[in-house]
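Since the structure comes first, as structure tokens, the remarks are kept for the end.
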Amino acid sequence: MDASEYQNLNRQILSLDKITDRSCGGKAFGLSQLIEMGLSVPAGFVIRNAKAQTYLADLNNFYLALESEQVAVRSSAIDEDGDDASFAGQYDTILNVTNEFELRDAIEGCVKSAESNLVRSYQQERGSPAKTSMNVIVQCMVKAHVSGVVFTSDPITARRDRLLIDAVSGLGESLVSGEATPDHYEINLADEIVVRHLVDDAPLLNDKEILLISEQAKKAAATVGHPLDLEWAIGENGVLYWLQSRPITTLPSDLNEFDTVLPNPDDLLTTSNVSEMMPGAVCPLTISFTGGGIDYGLQHMQVKVGVRKIIDDNWQVTAAAFGHLFLNLTGNLLISAGVLGASADQAAQTLCGRIVPELEELPPEPWWVRLRNTVKLLKYCINAPSVVVQFTAELEHLVIVEKKNSAQMWDELASKLWFFNHCMAVHIQSSALSGFLCAIVENMVSSKSNDSTVEEQAEAIRLLSGAKGIESVLMVEQLDKLIDKIASRSDAVVGFQRAEINDALAWLYSTKTLSEEFKRFLDLHGHRGVRELCMRDLSWRDNLDPLIQSMQAAVQARLVPNKNNKKNEDAANLSQVSRGLQWILPKAHNAIRRRELTKSQLVELAYRFKVAFSQLGRLMVSDGLLPDDDLVKFFSVDELSSFIKNPCNEAIGHALARRSALEFQQNLSFPDISIGHPEPIDPGSIVGSETDFIQGRPASRGTAEGFVRVAHNIEEAALLRPEEILITPITDIGWTPYFSLISGLVTDLGSSVSHGAVIAREYGLPCVVNTRCATRVFKTGDRVSIDGGLGTIALIP
């Protein structure tokens, strides 16, 4: 029996409620599912395997049984409204059919539309069969008061925590065709209407109707198990009818797949601190490996201090949402509630660089418990130097051995994973001592606890900046010497500064002295770069382009006439401060150096694991487990073990969808403080464009006036021009070469010990941190004045 004979045998008419599978096409099957859910769907039937000019004998009986003045005739091809392709608008729909003769013409039009050039082109692009069975739906038309579409997930941003409704007056055909501009509504997971964009003053839908559409659409999506694109209409009788249901075919994997569950639903989260080394969204491997390590290290501190009994596998002091990492401020308050003299304000100052009014104190432990824990905390901090010395020796002996196949490589990696958690715990212990001593310095300068003025903050920062031998500053000095030598050459402009990156690199390597110095720099610092703890982002050693590009900008700055490239000499003179400060400052300086050392060790170790995971990816490709080695970064640590033992195509497809999701996650930004689960900032709700003054936290003294360059990432920083004022969410070590080009720095996040603040002081640049909103208030091209001593940024009209 050939295909045409099979189709003829299967030609029949079924009412919509009798359809049980996709043999009647995706559109008809979708309607039958809605009926089965108990939702209101206009009565109708489907003609299976419809043929032009060939009509089944009982067609008229089915048509007359509808008892409708007008019907709609619509396609329901086998390949239409499927999981992989929607075929939206490819086949014909005929409305307002009023009699048997028009019905036959409409059926014929639907069938013939399957042979159109438009459909054939779409089929070729999607890899669909060139010929497909055409089923035709005949359905009662709704006399619509208002109609529209609803997406149970946002098809543009891929957010699954938002439901979108578009509504137009009358029939929805004008909306689908683009002829009418709809009212637009968005509903969150808590069934709150969070966005209303109306065409006219009077809304087309009231709140009750909006929430009814949302409720029924969510029910449908939950029943079928995936996000849906549905068409609906509210009849003149007030009944909500559902006209179509199809999968949203453009979505990647769930952006919230790796969200962690908060210990308490109203915990306070922040993007501060953790965003310094890992701004933006990160891959699943980074979430599970690096994010898990951060949470381990912070819990380890709490256990050592006595405020937590054991380290919980469920994240307690960090969080993940939409592929981004956060600190759980509430989770970090255990120490404040468990030791003497600590407070929520102190914790906020340490982690966020400012007091957070929303952060409420936890109930304090009994005084004797706090006394015991205070002793443990002091011991924890005092032991930091010896712990760092011991760890440095351990790090020297750690080797991750390259293996010959993926199973062996994974066993090698798995046996060493614990060491990263150990390193994170050491760094947090080192940072705790540094933070403790820096807070004492600021309190001594202000003569009060956690209530210093901006002037007093600036003075404390000046005193603390006297620390010498800081690893990140030494790196800057080495890079500056190299850039100075490049800029001194007569052919530097043509050969390096204005050349394409590959040509500039070739020029650099063509000169022996420059080449040797550049290679020495890479030997020492090649493991550094942007987003250094992300397992997917490449280091300078593995991708020289960002480094060369920033060096070109730095050379350009050297060549600008009258550009002040003098380093900061405003170091603290201990003979001019009180005896108490004379005693504490050297200890604080040592602690800062030690913190920078352990941070460098953490980055170096992360680089070793990054190399090892990349090697694992290449071996998985060689072993036939993955199509490309980058895909290993889209498995969690726990998933890798089971996948290597039992690989499957479903897991590969899921990893590919996660990689697509990362592009959407990178477009999201968050407020610096979130109560409960973080919600991305709605671009349409951003306010502050009329603000001409911002108060941040002073980080490096000095003033500057200039044009703004807003750069959200290192790629945008490449557009910097000499003397511009850089406004950015946060910087890391990878931004360092640009500091010789700018005249000032402003960041949304950070503190006085953040990378940007430390390097700005080294360059003598005014710097303001923790503005929280500067990247949203100012735009590239604005002219502003900044005062790093007062922590202010003001727009110059």
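The values are calculated or read from the model by the stated rules, or taken from the named source; none is laboratory data. All values reported here derive from a predicted model rather than from experimental measurement. Virtual Cβ from ideal backbone geometry, glycine too; neighbours counted across all protein chains shown. Protein only, heavy atoms only, side chains kept; ligands, DNA and RNA dropped before computing areas. Shrake-Rupley method; radii C 1.70, N 1.55, O 1.52, S 1.80 Å.
Here are some notes:
- Considering only residues in region 483-517 that are in contact with a helix residue (DSSP H, G or I) (Cβ under 9 Å, 6 or more places away or on another chain) and among the acidic types (Asp, Glu), the one that is least open to solvent (accessible area, probe 1.4 Å) turns out to be Glu517.
- Residues in region 293-330 that are of a type in the set (Asp, Glu) and surrounded by fewer than 23 Cβ atoms within 10 Å (Cβ to Cβ): Asp312, Asp313.
- Residues located in region 705-728, provided they are surrounded by 22 or more Cβ atoms within 10 Å (Cβ to Cβ) and farther than 24 Å from Pro797 by Cβ: Ala717
- Residue within region 691-704 that is open to solvent by less than 10 Å² (accessible area, probe 1.4 Å), under 22 Å from Leu251 (Cα atoms) and in contact with a Leu (Cβ under 8 Å, 6 or more places away or on another chain) present: no
- Scanning region 419-440 turns up no residue that is touching a residue at least 24 places away in the same chain (Cβ under 8 Å), farther than 23 Å from Val274 by Cα and either open to solvent by less than 40 Å² (accessible area, probe 1.4 Å) or acidic (Asp, Glu) (or both).
- Meets criteria (open to solvent by less than 20 Å² (accessible area, probe 1.4 Å) and not acidic (Asp, Glu)) for His755: yes
- Any hit, region 471-482, residues being out of contact with any strand residue (DSSP E or B) (no Cβ under 6 Å at 6 or more places or on another chain), part of a helix (DSSP H, G or I), without any contact (Cβ under 8 Å) to a residue 12 or more places away in the chain and surrounded by 14 or more Cβ atoms within 10 Å (Cβ to Cβ): yes
- Residue check for Leu524: open to solvent by 10 Å² or more (accessible area, probe 1.4 Å) and closer than 30 Å to Phe609 by Cα: yes
- Among the residues making up region 266-314, a single one is under 14 Å from Phe326 (Cα atoms), β-branched (Val, Ile, Thr), in a loop (DSSP other than H, G, I, E, B) and at pLDDT 95 or above: Val282.
- Failed item in (1) open to solvent by 20 Å² or more (accessible area, probe 1.4 Å); (2) modelled with pLDDT under 90; (3) outside any helix (DSSP H, G or I), with Gly750 passing the rest: (1)
- No other residue among Leu262, Leu340, Leu333 is buried (at least 23 other Cβ atoms within 10 Å of the Cβ) and hydrophobic (A, V, I, L, M, F, W, C) apart from Leu333.
- Criterion violated by Ser614 - all others in (1) within 23 Å of the chain's Cα centre (by Cα); (2) hydroxyl-bearing (Ser, Thr, Tyr); (3) open to solvent by less than 10 Å² (accessible area, probe 1.4 Å) satisfied: (3)
- Answer from Phe326, Phe391 - the residue that is among the aromatic types (Phe, Trp, Tyr), closer than 30 Å to Gln615 by Cβ and touching a Ser or Thr at 6+ places or on another chain (Cβ under 9 Å): Phe391
- Pairs with Cβ under 9 Å, 6+ apart, first in region 769-783 and part of a loop (DSSP other than H, G, I, E, B), second modelled with pLDDT of 85 or more and aromatic (Phe, Trp, Tyr): Thr780/Phe707; Gly781/Phe707; Asp782/Phe707
- Qualifying residue in region 501-524 (condition: in contact with a strand residue (DSSP E or B) (Cβ under 7 Å, 6 or more places away or on another chain) and of a type outside the set (D, E, K, R)): no
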